[in-house]
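Structure first, commentary second.
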Amino acid sequence: MKIFLDTIGCRLNQAEIEHMARQFRAAGHEIVASAGHAEMAVVNTCAVTTQAASDSRGRIRAIARAGVDEIVATGCWTSLLPKEAGALPNVRHVVANDKKGFLVPDVLHLPREEFNREPIERTPIPGLHRRTRAFIKVQDGCDNTCTFCVTTIARGEGRSRPLADVIADINAALGGDSKEIVLTGVHLGSWGQDISTSLNAPLHLRDLVQAILRETDVQRLRLSSLEPWDLDAAFFSLWEDNRLMPHLHLPLQSGSDSTLRRMARKTTPESFRELVNAARAVIPDVAITTDIIAGFPGETEEEFAETLDFVKATGFTGGHVFSYSSRPGTGAARMKGQVKPEIRKKRNRILQEVIEDSGKSYRERFIGQTMSVLWESTTEYGQSGWRMEGWSGNYLRVSASAPSPRWNELDMVELLEMAGEKVKGVIRSAYVTNVTT
Ligand code: SF4
């Protein structure tokens, strides 16, 4: 059967859809690049914002219009509103997050044990979600109670995947020629807290990272979003191994102490600042990206000014600013003092501009330097060349051209000039692995 896979939202959803692709392929099915060629489609939905929920519905409708007769809806939006998902055109299966691990055998009417077999090599999903980087899910759910967050309702309690399963998934990705592994989870930094060792002490994310670096041939390892309170200064010594990419995504959400308390975040502006300083002291030129919410309920002009000052002082290299979006069932949705949408939007724009400026200054620092880039997209632009785009270790979006396509290759690229949010470069040589453990 021909199957189309689609995903909205976070890297965890991407990791899950990649896992399903391997399971469908292991069962003898073909993953196709567009809905127009598919007999079945799976849509991994998202509910993090009102917009993401609306995109999820829109995506399912578009796939039905493309002629797919059997659609499987799964993911966070589906888990929160299963009846609404089931009422969308051509949705034949509604799979909540807690059953997602068995989605493939269940929709194929195969015994679940069928999938306890040797993992097959990863092959990137064709179409829009074709990625060179392999997103590996190491954890699901979250035990925190951030008052704006619907994810914790949709994904349930935190649970870690066993280390051996993660290593097996990484080896399957490396066997399929993945050059970069990205570890993902709802609350990645909590990995291991529910796994105790023979000494009765829980594991920590650092144990997982050390095991991956020790036991696999990974060339580039990147960590996705990390909550700041899960880390300490000692964590950054892991970056002595240069296979760990110098990029940290640390969600700030607000730079105001009182707003952070209303959000029930376990961090303060002061502790966040100390963590960033500790990271920068150990990892030269580390890229620090973030997420911020503009117009959280009760956010006064003074609190917004505190956030703005904090963001300016920190110098993030990139990030997402979300206008606060009320999510049913969350504590924040019930709070008094909801900020008017036009003010949320205005604050969003101001914060975004500050981050764009600091990101630009950061990128400028690397003009003239040569660094390794993994090519993620290649487009033919004429008879004699290919335009390529990819990511440096410190998460600069780099473009260059070459006489033949170099998708999924690592090259040493000299960065020549700024080009909007990208940096233009020229390939100097192929990258040669330099493993230091
Ligand atoms: S840490 Fe907070 S924001 Fe992140 S998933 Fe958990 S509850 Fe949501």
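Filter region 391-417 for residues that are basic (Lys, Arg) and either surrounded by 22 or more Cβ atoms within 10 Å (Cβ to Cβ) or at pLDDT 95 or above (or both) and give the result.
397, the sole residue that qualifies.
Residues checked against (1) among the hydrophobic types (A, V, I, L, M, F, W, C); (2) over 18 Å from the mean Cα position of the chain (by Cα):
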residue	(1), (2)
170	yes, no
178	no, no
181	yes, no
187	no, no
192	no, yes
197	no, yes
204	no, yes
214	no, yes
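Could you count how many residues in region 1-20 are under 19 Å from residue 223 (Cβ atoms) and open to solvent by less than 30 Å² (accessible area, probe 1.4 Å)?
Qualifying residue count for the region: 6.
Name the residue, out of 84, 118, 39, 114, that is modelled with pLDDT of 95 or more, in contact with a helix residue (DSSP H, G or I) (Cβ under 9 Å, 6 or more places away or on another chain) and open to solvent by 30 Å² or more (accessible area, probe 1.4 Å).
84
Take the residues of region 360-390 that are in contact (Cβ under 8 Å) with a residue 60 or more places away in the chain and under 19 Å from the mean Cα position of the chain (by Cα): which is most open to solvent (accessible area, probe 1.4 Å)?
376
Look through region 204-229, keep the residues that are hydrophobic (A, V, I, L, M, F, W, C) and under 25 Å from residue 153 (Cα atoms), and return whichever of them is surrounded by the most Cβ atoms within 10 Å (Cβ to Cβ).
Within region 204-229, the match that is surrounded by the most Cβ atoms within 10 Å (Cβ to Cβ) is 205.
Residue check, residue 51 against (1) farther than 24 Å from residue 138 by Cβ; (2) surrounded by 15 or more Cβ atoms within 10 Å (Cβ to Cβ), all met but one. Which one?
(2)
May I ask you to verify whether residue 321 is farther than 18 Å from residue 265 by Cα and either at pLDDT 95 or above or crowded, with 19+ Cβ neighbours inside 10 Å (or both)?
No; evaluated as a whole, the condition is false for this residue.
Please enumerate the residues belonging to region 124-150 that are modelled with pLDDT of 85 or more and open to solvent by 30 Å² or more (accessible area, probe 1.4 Å).
Hits for region 124-150 are 137, 143, 145, 148, 149.
Looking at (1) open to solvent by 20 Å² or more (accessible area, probe 1.4 Å); (2) part of a helix (DSSP H, G or I); (3) closer than 25 Å to residue 46 by Cα, which is the only condition residue 186 fails?
Going through (1) open to solvent by 20 Å² or more (accessible area, probe 1.4 Å); (2) part of a helix (DSSP H, G or I); (3) closer than 25 Å to residue 46 by Cα one by one, residue 186 breaks only (2).
Conditions first: (1) outside any helix (DSSP H, G or I); (2) open to solvent by 10 Å² or more (accessible area, probe 1.4 Å); (3) under 17 Å from residue 155 (Cβ atoms). Residue 44 passes all but one, so which condition is the exception?
The number of the failed condition is (2).
Taking residue 23 as the residue in question, decide whether it is under 18 Å from the mean Cα position of the chain (by Cα) and either surrounded by fewer than 21 Cβ atoms within 10 Å (Cβ to Cβ) or part of a helix (DSSP H, G or I) (or both).
No.
Could you tell me whether residue 102 is open to solvent by 10 Å² or more (accessible area, probe 1.4 Å) and not in a helix (DSSP H, G or I)?
When the stated conditions are applied, residue 102 does not pass them.
Within region 176-191, can you find the residues that are at pLDDT 90 or above and away from the ligand (no atom under 16 Å from the Cβ)?
178, 179, 180, 181, 182
The values are calculated or read from the model by the stated rules, or taken from the named source; none is laboratory data. Everything quoted here is computed from the prediction, not taken from an experiment. Neighbour counts run over all protein chains shown; Cβ positions are idealised from the backbone, glycine included. With ligands, DNA and RNA removed, areas are computed over all heavy atoms of the protein, side chains included. Shrake-Rupley method; radii C 1.70, N 1.55, O 1.52, S 1.80 Å.
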